[in-house]
Amino acid sequence: MSEIITSSGIDIIRGKFKKSDAGYFYIRNGKQFYRDRVEDYQKNQSPRQKWNSAAFKYAHGQLRLLMSDPASLTQLKAEYEAANHIASNGKSYTTLRAWKFNSLLHDYKQFHPFE
């Protein structure tokens, strides 16, 4: 994580001490500085990435609800067999979970188009 260089009795630190640290040490013009940095890549997402993230969030949430209920699980198995393993996006999937997840993704994107 961090690199400590000892030269002439002075400790120079580069990087972080721990993964959970809020910031990091760096050196500029021979002087040591500390800087806080928010490492949240989702703040820098493009609108299309945010749209895809929202679709994944919806699909994961709905799939978790459907798979937790035994009655809906048996209904899903019947729908999966009736559809011949082909999802609403036109692709074939080998597992029930993948089939329903991709169907939910496709449905979300159809009802919430990216503009």
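Miscellaneous remarks
- Accessible surface of the chain, 1.4 Å probe: 53 percent of it comes from carbon and sulfur atoms.
- Nearest-ten-degree value, helix 47-68 long axis tilted from longest Cα axis of the chain: 60
- Taking the Cα centre of the chain as origin and assigning +1 to Lys and Arg Cβ atoms and -1 to Asp and Glu Cβ atoms, the resulting dipole is close to 360 debye.
- Acute angle (nearest 10 degrees) that the helix 96-111 long axis makes with the longest principal axis of the chain, alpha-carbon atoms: 80
- The solvent-accessible area of residue 53, taken with every protein chain present and a 1.4 Å probe, is close to 50 Å².
- Accessible area per residue for the chain is 76 Å², calculated with a 1.4 Å probe on protein heavy atoms, without ligands, DNA or RNA.
- Length released on extending from residue 37 to residue 94, taking residue separation times 0.36 nm less the Cα-Cα span: 16.2 nm
- Using equal-weight Cα scatterers in the Debye expression, the normalised intensity of the range 44-115 in log10 at q = 0.14, 0.22, 0.25, 0.26 Å⁻¹ is -0.46, -0.95, -1.12, -1.17.
- The chain, helix-only ellipticity at 222 nm - DSSP H runs n ≥ 4, -39,500 (n - 2.57), divided by all residues, nearest 500: -15000 deg cm²/dmol
- Using alpha-carbon coordinates, inclination of helix 70-82 to the longest axis of the chain, degrees: 70
- Cross-linked pairs 50/91; 57/77; 16/57; 18/50; 57/91; 19/100: Cα-Cα separations exceed 28 Å for 16/57; 18/50; 19/100.
The values are calculated or read from the model by the stated rules, or taken from the named source; none is laboratory data. Predicted model only: the values in this text are computed from it and were never measured. In this analysis, Cβ positions are derived from the backbone assuming ideal geometry, glycine residues included, and neighbour counts consider all displayed protein chains. In case anyone asks, the SASA skips ligands and DNA or RNA and just uses the protein heavy atoms, side chains included. Shrake-Rupley method; radii C 1.70, N 1.55, O 1.52, S 1.80 Å.
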